[in-house]
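Just below is one structure, and these are the notes that go with it.
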Amino acid sequence: MSNQAAIYSSFDADPDFAELVQWFVKALPLRMRAMDRAFHGGDLSELGRLAHQMKGAAGSYGFPQITLAADELEHAVRLGDSRAAIEQRFRRLSTLCQQARVSEPERDIANRSSAELAANFLSD
Amino acid sequence: MLHTIIHPGPARKILIVDDDADVRRLFCHALREEYAVRAATDGRSALKAARLWAPDLVLLDILMPGLDGYETCRRLKSSLANPPQIIMVSAKSAADELTRAFQAGADDYLIKPVDIAELRSRIALHSRLLESRAATRALQCELDDHHLQLKQRAAEWTAQITAVQDVTVFTLAKVAESRDNETGEHVARLREYAQILAKELSREGPYASQIDDAFLADLYRSSPLHDIGKVGIPDSILLKPGRLTEEEFEIMKRHTSIGGNILQDAVLQLNHSGFLAMAALIAHFHHERWDGLGYPAGLVAEEIPLAARIVAVADVYDALTSKRPYKEAWTPARAREMIDAKAGTQFDPVIVAAFDRCLDAFDEVRRMHESRTPLTLGAMSFARHGESDSAEYSADLPCSLRLMAQLAN
């Protein structure tokens, strides 16, 4: 896992959206955890659904690479590819998500607890 | 009036429907400065929000748990009186998504990931669309309103013109009649009798298909003009007390063709002949006989125009049941006997049969007119004569009766 290479949101020029992108990035581990659960639990349709969601959301937040990887995963699931093939795409997506950063020096939102973040992500 | 475009009014309401919180948050953030924004997490809560909040525009995700975007779109479009603009927003997962979205009634389609600038300009476009649609609707309402007013006014004018025509024609008929009939009530009663007969004939039998509402209306207006041709008959003959000579009678018979020609001339002056064409036929042929022995043309049976055959019966019945200086009024029963006896010779047997079914209605008309003071119409008041002058009018026996009398002798 090459954690050193970071990918940045293309929204970096728009400070108005910086905080939103931070929220998105902070919530990425939650998305990945949910996908991980679905993958290991064998719930491929849930995995496909989550990949589809990721595909729509990530690009909108300025992460087209993640959208691309999520699209590939969604396709592999829908086409009924081998578990190995699915896993490979899942890991690729997972790596990209770990590399995602807001390009500006990340503003401190540590005052918001991760529980609050999780609650926000799961709410509505 | 396009003032709605210049004045934007309250902010447009946009409902964002997506099961992904990050997407909802992003869209809300991108749109909240210019629009009133709310979010729903699935199809059902979207439908509820749409009912309660009435958004102008809905950004609708396709793949959602529960009710999917297509079905939500269909329900939004079909269940609301004023359905919102719907933009489907989808992270494309199937090739036919676009087609299905439009089939479900979507107005537009955006592909996720969504570029914020594109989202904003697309929504601005739909906003303008909504504005111009509202303006068009307002204009349409105004036009409809205007159109309705015009129609009402046209109907009022038509009714006024028609009423003036009716009174004019009827007055003309009474003026013509006033030379030989003191009361002028003959045309009024005849009109009712003819109408009753025509209505009865329209209900059933061989003439039912020929008599529609237009026929009835034309007949009502034209039957009073049947004797208009008497204006061309000299006083010495028209007002002669007692029996006419053969020669005088030939002249008297001309009132049919004179009337027919006068009215036919009137028809030729109009593009749309209306009731005058029927009036011409009635004037010309109301003394024809079913057996062909009538005048002026000697037409036989159904060669005689139907309206003229109807008026012939009504005319004779009224003459028989009216009091004249030289005769008492016949009772309706006696008049009926006479008319029944002439079925198939003088009169069309089908019309006589209808007449037999209408005796009560005829009686009612007669009694109504009896109880009325004669000369109620202002236009007729000049025709009043002293009682002592009545002998002057002893020649007011209708020509049909005169002919009947002379043929009988």
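Go through (1) away from every other protein chain (no Cβ under 14 Å); (2) more than 16 Å from B:V114 (Cα to Cα) and name the single condition B:V58 misses. Evaluating B:V58 over (1) away from every other protein chain (no Cβ under 14 Å); (2) more than 16 Å from B:V114 (Cα to Cα) leaves (2) as the failure.
Looking at the stretch B:160-196, which of its residues are of a type outside the set (V, I, T) and free of Cβ contacts under 8 Å to residues at least 24 places away in the same chain?
So the first thing to find is which residues in the stretch B:160-196 are of a type outside the set (V, I, T), and the list is B:160, B:163, B:165-166, B:170, B:172-174, B:176-182, B:184-186, B:188-195.
If the condition is that a residue be of a type outside the set (V, I, T) and free of Cβ contacts under 8 Å to residues at least 24 places away in the same chain, then B:Q160, B:A163 are the ones that fit.
Among the residues of the stretch A:34-48, the one identified as crowded, with 19+ Cβ neighbours inside 10 Å and free of Cβ contacts under 8 Å to residues at least 24 places away in the same chain is A:A38. Just one of the listed residues (B:V37, B:V17) is more than 27 Å from A:L68 (Cα to Cα), more than 10 Å from chain A (Cβ to nearest Cβ) and β-branched (V, I, T), and it is B:V37. Applying a threshold of 8 Å to beta carbon distances and a minimum spacing of six or more residues, or different chains, the list of pairs starting in the stretch B:43-58 at a residue that is under 14 Å from B:I86 (Cα atoms) and open to solvent by 10 Å² or more (accessible area, probe 1.4 Å) and ending at one that is assigned to a helix (DSSP H, G or I) and of a type in the set (K, R) reads B:L47/B:R75. Within the stretch B:234-293, restricting attention to residues that are over 19 Å from B:R221 (Cβ atoms) and among the aromatic types (F, W, Y), the residue that is most open to solvent (accessible area, probe 1.4 Å) is B:W290.
Specify the residue that is surrounded by the fewest Cβ atoms within 10 Å (Cβ to Cβ); the eligible residues are those in the stretch A:65-79 that are under 13 Å from A:R49 (Cα atoms) and away from every other protein chain (no Cβ under 11 Å).
Within the stretch A:65-79, the subset under 13 Å from A:R49 (Cα atoms) is A:70-78.
Restricting the remaining residues to those that are away from every other protein chain (no Cβ under 11 Å) gives A:72-73, A:76.
Working: A:E72: 20, A:L73: 30, A:A76: 22.
Here the answer is A:E72.
Taking the condition charged (D, E, K, R), at pLDDT below 90 and out of contact with any strand residue (DSSP E or B) (no Cβ under 8 Å at 6 or more places or on another chain), does B:D180 pass? The answer is yes for B:D180. Within the stretch B:142-178, being open to solvent by less than 80 Å² (accessible area, probe 1.4 Å) and over 27 Å from B:L225 (Cβ atoms) holds for one residue alone: B:A154. Taking B:A217, is it more than 14 Å from chain A (Cβ to nearest Cβ) and part of a helix (DSSP H, G or I)? Yes.
Here A:S45 passes the criteria (1) farther than 15 Å from B:S93 by Cα; (2) over 11 Å from the mean Cα position of the chain (by Cα); (3) within 14 Å of another protein chain (Cβ to nearest Cβ) except the one numbered (1). Can you tell me which residues in the stretch B:61-96 are loosely packed, with under 14 Cβ neighbours inside 10 Å and either away from chain A (no Cβ under 12 Å) or over 22 Å from B:L26 (Cα atoms) (or both)? Answer for the stretch B:61-96, where residues must be loosely packed, with under 14 Cβ neighbours inside 10 Å and either away from chain A (no Cβ under 12 Å) or over 22 Å from B:L26 (Cα atoms) (or both): B:G66, B:S78, B:S79, B:A81, B:N82, B:A94, B:A95, B:D96.
For B:E118, the criteria (1) part of a helix (DSSP H, G or I); (2) surrounded by fewer than 19 Cβ atoms within 10 Å (Cβ to Cβ); (3) in contact (Cβ under 8 Å) with a residue 60 or more places away in the chain hold in every case but one, which is (3). Of all residues in the stretch A:15-33, those that are free of Cβ contacts under 8 Å to residues at least 60 places away in the same chain have Cβ atoms under 9 Å from Cβ atoms of residues that are open to solvent by less than 10 Å² (accessible area, probe 1.4 Å) and of a type in the set (D, E, K, R), 6 or more apart or on another chain, in A:L20/B:D22; A:F24/B:D22. Give the residues of the stretch B:97-139 that are within 14 Å of chain A (Cβ to nearest Cβ) and of a type in the set (D, E), sorted by residue number. Passing the criteria: B:E97, B:D115, B:E118.
Scanning the stretch B:32-58 for residues that are in contact with a helix residue (DSSP H, G or I) (Cβ under 6 Å, 6 or more places away or on another chain) and under 17 Å from B:H126 (Cα atoms) turns up B:V37, B:D56, B:L57.
Quick check on B:E131: is it part of a helix (DSSP H, G or I) and open to solvent by 50 Å² or more (accessible area, probe 1.4 Å)? Don't jump to the end; show me each part of the working.
On the way: part of a helix (DSSP H, G or I): yes; open to solvent by 50 Å² or more (accessible area, probe 1.4 Å): no.
Spelling it out, it is not the case that B:E131 is part of a helix (DSSP H, G or I) and open to solvent by 50 Å² or more (accessible area, probe 1.4 Å).
Are any of the residues in the stretch A:98-106 in a helix (DSSP H, G or I) and at pLDDT 90 or above? Yes: one or more hits.
The residues of the stretch B:200-214 that are part of a helix (DSSP H, G or I) and surrounded by fewer than 18 Cβ atoms within 10 Å (Cβ to Cβ), listed by number, are B:R203, B:D213, B:A214. Taking the stretch B:25-34 as the range and being part of a helix (DSSP H, G or I) and more than 7 Å from chain A (Cβ to nearest Cβ) as the test, the residues that pass are B:F27, B:C28, B:A30, B:L31.
The values are calculated or read from the model by the stated rules, or taken from the named source; none is laboratory data. The structure displayed is predicted, hence computed values, not measured ones. With ideal geometry, Cβ positions are generated from the backbone for all residues, glycine too; neighbour counts draw on all protein chains shown. These area figures cover heavy atoms from the full protein model, side chains too; ligands, DNA and RNA do not enter into them. Shrake-Rupley method; radii C 1.70, N 1.55, O 1.52, S 1.80 Å.
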